[in-house]
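Heads up, the thing below is written out as structure tokens.
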Amino acid sequence: MSDSVPDISHDQHAVRRQKLAELRAAGFDPFRANVATTHFSQDAKALYVDGQDYVTVVTVAGRLITFRVQGGSSFVKIQDQQGPIQLYFRKDVLGEERYTVFKKQLDLGDIIGVTGPLFKTKTGEITIRVDSFTLVSKALRPLPEKWHGLSDAEQVYRQRYLDLIVNQESRHRLMTRARIVSAVRRFLEDRQFLEVETPVLQAVAGGAAARPFQTHHNALNTDFVLRISLELYLKRMLVAGYDRVFEIGRNFRNEGVSRRHNPEFTMLEVYQAYSDYRGMMTLVQDLMRHLVRDVVKPTETEGEGETAVTRPSMRIKHAASGEFIDFENGWREVRYKDLIIEKTGDAQWFSRSKEEKIAGVQKLGLFADAKWEDFELTNEIFGKLIEPTLIQPTFVTHLPKELCPLAKITADDPTTIDVFELIIGGMEIAPAYSEQNDPDVQRQMFEAQAGEEQQKVDQDFLLALEHGMPPAGGMGIGIDRLCILLTGAESIRDVILFPQLRNTAG
RNA sequence: GGGUCGAUAGCUCAACGGUAGAGCAGCAUCCUUUUAAGUUGUUGGUUCCGGGUUCGAAUCCCGGUCGACCCA
């Protein structure tokens with residue numbers, strides 16, 4: 001290099017582009033190369049038989065995540081979907097020329113394929129001795145720091161791929177989410193539930209009370225909303241004669257963004273004909289235990305040092321309270337009214353006047369709006385003071401009928417509905433109903449709605465009900481919240497690959 | 001929408017009104033079983049953006065952008 005060439009050694013992007021140019025000048029374009037892998041990293045390691053060094057030959061590929069050159073030999077690690085595997089490069093194996101290419105033209109972050117036999121190093125790590133390697137993708141940008149990883153929250157979310165490359169915890173958490181969704185599918189399919197897909201673009205945003213996103217279809221010249229719930233179309237499928245159906249799908253709510261809310265989120269809804277909310281109780285309990293036992297697989301360690309014993313557990317630590325949630329024995333069932341009476345200390349709470357309720361809410365230190373309906377005042381107590389304290393799995397039953405127009409009225413109490421709200425870790429995880437299938441009562445309940453809980457009336461849905469819907473139990477589970485709970489995450493953003501952020505694209 | 005906090009090298013962080021630094025990464029060097037490898041040397045800055053105060057601003061003040069947390 002002449003003196004006139006500028007020093008680019010500080011600019012990692014420029015240095016890497018130069019290495020790429022050098023590779024191409026030598027007749028090799030990494031972006032046109034590929035590798036025929038035989039195994040993923042951990043599957044390859046599992047092939048190693050103790051004492052049989054340099055016998056089993058594998059080809060694996062992945063991203064270079066550590067680089068330790070020591071003169072004529074080097075240890076590096078690559079990482080694939082299954083995790084890391086160590087590679088051992090030697091000058092006397094590869095030859096001077098290839099070893100120099102390895103040393104001088106590969107960088108952390110590059111994606112390579114290698115072929116060679118497995119062996120165990122003197123520190124006991126199963127390693128591939130590299131007989132040949134191919135660079136299949138040059139990384140033109142440097143990886144975040146190897147030890148601290150990437151911790152800038154904004155970059156973690158906007159460039160999640162970097163977070164997933166360098167932060168083990170994120171890799172594991174989001175991998176667990178994928179496994180949870182997959183296990184939910186298998187669990188339901190094993191019980192003869194059919195997975196269906198229903199419209200995201202809807203004329204009426206029904207099935208819940210929330211502000212929808214609005215959009216427009218040009219060719220039909222019609223306004224649509226993005227769905228806020230899966231419910232009303234799945235019930236049409238019950239009318240259609242699909243007796244057990246479910247959908248795992250994205251809902252959209254045009255509301256605030258917080259630790260618990262993302263504008264788009266994933267819902268599971270399940271409907272089972274000839275069942276009811278009690279049947280859903282058993283189903284969700286079985287499902288949760290299955291997910292904890294077979295997907296999350298928590299363990300607990302007793303004792304310390306050499307006497308320590310680690311064994312499978314059914315308990316998961318709740319991030320916010322530090323309490324352990326027991327999915328085996330923690331389940332409890334309690335009526336909404338009893339919780340309110342206990343909290344207010346007023347056995348006559350539900351026959352108090354609105355003014356007395358406002359005073360009661362304020363006495364508990366909460367804000368009470370005079371515009372609120374009676375049930376909203378009561379529900380403020382539930383939402384603010386009771387729900388957050390229900391850490392162990394709790395079925396809250398017999399909710400006031402105003403809270404949901406889509407459920408059956410309790411036979412011996414016209415003020416409540418046959419539903420449960422499953423609360424775990426202080427979060428609403430799964431509501432379930434004995435679904436209302438009387439078209440006339442359904443219409444009346446829609447019309448009697450008041451306050452913030454009002455739902456839009458879907459006339460086409462009422463028409464479907466008039467054709468006859470079998471009695472059914474139905475349940476919804478917020479998949480994101482379920483993942484927060486099961487992975488011990490603190491925020492919904494930790495379990496969503498690309499959470500919604502303000503757009504900064506200029 | 002309101003309050004609090006934050007933004008400094010590619011990344012993780014210092015500097016708290018007086019010369020912008022460190023570790024990792026990069027570059028160069030030595031090193032054939034390492035585990036955040038080690039050795040010697042070294043490059044690198046629009047201190048988020050725009051104003052203001054001051055002899056002097058990463059630092060203080062005002063406005064904005066983006067983010068985190070709390071509240072609505």
Where Rh is the Kirkwood radius over Cα pairs, Rg/Rh for segment A:386-461: 1.02
Antiparallel DSSP beta bridges within segment A:12-137, as percent of all bridges there, nearest 5: 90 percent
Averaging the inverse of every distinct alpha carbon separation and then flipping it gives the Kirkwood radius. What is it for segment A:216-256, in angstrom units? 12.4 Å
Can you pull out the GluC sites (Glu not before Pro) in segment A:430-506 that DSSP calls coil and that have at most 16 other Cβ atoms within 10 Å? A:Glu490
Normalised by the residues of chain A, what does the relative contact order come to in percent, with Cα pairs under 8 Å and at least six apart? 12 percent
In vacuo Debye sum over C-alpha of segment A:12-137, base-10 log of normalised intensity I(q)/I(0) at q = 0.10 Å⁻¹, listed in q order, is -0.29
I need to check one value: relative contact order of segment A:214-293, counting alpha carbon pairs closer than 8 Å and at least 6 residues apart, in percent. 23 percent
Over chain A, with neighbouring protein chains present, the accessible area per residue in Å² at probe 1.4 Å is 51 Å²
Go through segment A:213-287 and name the chymotrypsin sites (Phe, Trp or Tyr not before Pro) that are in a DSSP coil and have 16 or fewer other Cβ atoms within 10 Å of their Cβ. A:Phe213, A:Tyr242, A:Tyr274
Using just the alpha carbons, could you tell me how many Å³ per residue the convex hull of segment A:221-359 encloses? 258 Å³
From the phi angles alone, apply the Karplus equation (6.51, -1.76, 1.60; θ = phi - 60°) to segment A:423-428 and give each ³J(HN,Hα) in whole Hz, x where the residue is Gly or Pro. 10, 9, x, x, 10, 6
If you fit an axis through the alpha-carbon atoms of helix A:277-291 and take the longest principal axis of the Cα set of chain A, what angle between them do you get, 0 to 90°, nearest 10? 20 degrees
Using the Kirkwood radius built from alpha carbon pairs, what does the Stokes-Einstein equation give as D for segment A:113-261 at 25 °C and 0.890 mPa s, in µm² per second? 119 µm²/s
Share of chain A's accessible area from carbon and sulfur, percent, 1.4 Å? 48 percent
Report, in debye and to the nearest 20, how large the dipole of segment A:288-389 comes out about its Cα centre when Lys and Arg carry +1 and Asp and Glu carry -1 on their Cβ. 180 debye
What angle do you read, to the nearest 10 degrees and between 0 and 90, between the alpha-carbon axis of helix A:12-25 and the longest principal axis of chain A? 60 degrees
Kindly give Rg over Rh for chain A, based on alpha-carbon atoms, with the Kirkwood expression for the hydrodynamic radius. 1.08
Along segment A:110-119, what does the Karplus equation 6.51 cos²θ - 1.76 cosθ + 1.60 (θ = phi - 60°) give for ³J(HN,Hα), rounded to whole Hz, x for Gly and Pro? 5, 10, 10, x, 9, 10, x, x, 7, 8
Solvent-accessible area of A:Asp50, probe 1.4 Å, all protein chains present, reported in Å² to the nearest ten, please. 110 Å²
Only loop residues by DSSP count here, and only those with at most 13 other Cβ atoms within 10 Å; note down the GluC sites (Glu not before Pro) in segment A:187-276 that meet that. A:Glu197, A:Glu255
Between A:Arg171 and A:Leu220, what FRET efficiency comes out of the Förster formula 1/(1 + (r/R0)^6) with R0 = 56 Å and r the beta carbon distance, rounded to 0.05? 0.85
Each label point is 7 Å from the Cα along the Cα-to-Cβ direction; what then is the distance between the points at A:Asp190 and A:Ala347, in nm? 4.7 nm
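The values are calculated or read from the model by the stated rules, or taken from the named source; none is laboratory data. What you see is a predicted model, and the numbers here were worked out from it, not measured in a lab. Virtual Cβ from ideal backbone geometry, glycine too; neighbours counted across all protein chains shown. Keep in mind that these areas ignore ligands, DNA and RNA; they rest on the heavy atoms of the full protein, side chains included. Shrake-Rupley method; radii C 1.70, N 1.55, O 1.52, S 1.80 Å.
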